[in-house]
């Protein structure tokens, strides 16, 4: 098992580029199951989750080539199943449910269950499919969905769900009649999927608002697609510059997707200048403590909460972070405390009293975004930090140590010694 060894403090200075968004690429890849032919996808990050989705698509019957671009060729799909061995490693595997039901009118997908940041059930996906005429059966850890014909429906999600919105959009594009989805997710990745489905011939309006309307069509066709930049990586880089007192010029930056985060970071005293898709960020003075509450887009993303907590751990004063999305998303707190942070947790609220310095320590990543928080904390900490279980990091950040080393970081990836 690999680990990262990070020596700090190291102010980051230089030019860095944001990779494509994993959370946009995965549903775009799954949508290839809706149309026969070859689907060309560019700008996809080289990540473990992308490899897992490729294995799943191959298992279902697609032919996939991945060099500088991904080419997914769909001819005859001979398998309708997403097996447990793949779903257990990546919850987003459930995204094949919608296109399989939409195209084949049947699917068998392993239940994803919970994860390190809390339970994320798919009941909303299933309720929507039932409203569209599908029959649902649960059998030995799998959900089986069958429909003689999917028909349009007016469905309201009980909670805002990104994968639920994406799955039902993909199921509805080939359904008979009009589907209206209410209380939908408004994330940029949802909008990107809707745009791509329209390019394929779907009739979709309203993506990015509370209501999406889909008029079913008879057939879709492949269309090339370039993946949008990763807004979570982009904001993580801003905070890495802020916590280290550095200066970065970040290209391929999706500033329009990060208005709330940018405003919040400016409140801490960071200087952020936007010029199209290029952003310059620096922090010359002391970081100021500010409060933050996570919320669905366009609010402050829960995927940035851990990184923001690391930033606030070195800010002047006391800040309060309220997590409203996932119940277990403070698992990084004990690891930051090991590095000298002063954090108290009460339910979904964390109180952070800023300290003058963090100290390097052996720590363990508990999930994807927690691992990113430990990396940026380590960049600012005095001494050496060893981060274990970095396979979490590799799920969402493309060659992160290579990128950061080019702008001044001192990061080495190495194998743990056995025995």
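Summary of values
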{"item": "Residue among 26, 97, 12 that alone is in contact (Cβ under 8 Å) with a residue 24 or more places away in the chain and outside the structural domain of residue 189 (by TED's automatic domain parsing)", "result": "12"}
{"item": "Subset of the stretch 1-19 [surrounded by 24 or more Cβ atoms within 10 Å (Cβ to Cβ) and under 25 Å from residue 92 (Cβ atoms)]", "result": "18"}
{"item": "Only one of 175, 153 that is over 23 Å from residue 90 (Cα atoms), without any contact (Cβ under 8 Å) to a residue 40 or more places away in the chain and over 24 Å from the mean Cα position of the chain (by Cα)", "result": "153"}
{"item": "Failed condition for residue 160, given (1) crowded, with 18+ Cβ neighbours inside 10 Å; (2) at pLDDT below 95; (3) part of a loop (DSSP other than H, G, I, E, B); (4) touching a helix residue (DSSP H, G or I) at 6+ places or on another chain (Cβ under 8 Å)", "result": "(4)"}
{"item": "Unique match (being at pLDDT 95 or above and closer than 22 Å to residue 51 by Cβ) among 413, 395", "result": "413"}
{"item": "Hits in the stretch 186-218 - residues which are in a loop (DSSP other than H, G, I, E, B) and more than 20 Å from residue 71 (Cα to Cα)", "result": "186, 187, 202, 206, 208, 210, 216, 217, 218"}
{"item": "Filter result for residue 325 (modelled with pLDDT of 95 or more and either more than 22 Å from residue 89 (Cβ to Cβ) or touching a strand residue (DSSP E or B) at 6+ places or on another chain (Cβ under 7 Å) (or both))", "result": "no"}
{"item": "Top-ranked residue in the stretch 34-45 [being in contact with a strand residue (DSSP E or B) (Cβ under 6 Å, 6 or more places away or on another chain) and either without any contact (Cβ under 8 Å) to a residue 60 or more places away in the chain or over 30 Å from residue 238 (Cα atoms) (or both); ranked as surrounded by the most Cβ atoms within 10 Å (Cβ to Cβ)]", "result": "39"}
{"item": "Members of the stretch 319-333 found to be within 21 Å of residue 378 (Cα to Cα) and either loosely packed, with under 15 Cβ neighbours inside 10 Å or in contact with a helix residue (DSSP H, G or I) (Cβ under 7 Å, 6 or more places away or on another chain) (or both), listed by number", "result": "319, 321, 329, 331, 332"}
{"item": "Number of positions in the stretch 258-299 that are touching a residue at least 24 places away in the same chain (Cβ under 8 Å) and not in a loop (DSSP other than H, G, I, E, B)", "result": "16"}
{"item": "Criterion: in the same structural domain as residue 74 (by TED's automatic domain parsing), touching a residue at least 12 places away in the same chain (Cβ under 8 Å) and more than 24 Å from the chain's Cα centre (by Cα) - qualifying residue of 207, 134", "result": "134"}
{"item": "Residues (farther than 25 Å from residue 299 by Cα and either buried (at least 24 other Cβ atoms within 10 Å of the Cβ) or modelled with pLDDT under 95 (or both)) located in the stretch 176-198", "result": "179, 197"}
{"item": "Any hit, the stretch 239-250, residues being more than 16 Å from residue 376 (Cα to Cα), in the same structural domain as residue 336 (by TED's automatic domain parsing) and in a helix (DSSP H, G or I)", "result": "no"}
{"item": "Unmet criterion (only one of (1) crowded, with 23+ Cβ neighbours inside 10 Å; (2) free of Cβ contacts under 8 Å to residues at least 12 places away in the same chain) for residue 242", "result": "(2)"}
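Table: residues versus (1) at pLDDT below 95; (2) in contact with a helix residue (DSSP H, G or I) (Cβ under 6 Å, 6 or more places away or on another chain); (3) under 30 Å from residue 384 (Cβ atoms).
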position	(1), (2), (3)
1	yes, no, yes
65	no, no, no
92	yes, yes, no
111	yes, no, no
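The values are calculated or read from the model by the stated rules, or taken from the named source; none is laboratory data. This is a predicted model, so every value here is computed, not measured. Neighbour counts run over all protein chains shown; Cβ positions are idealised from the backbone, glycine included.
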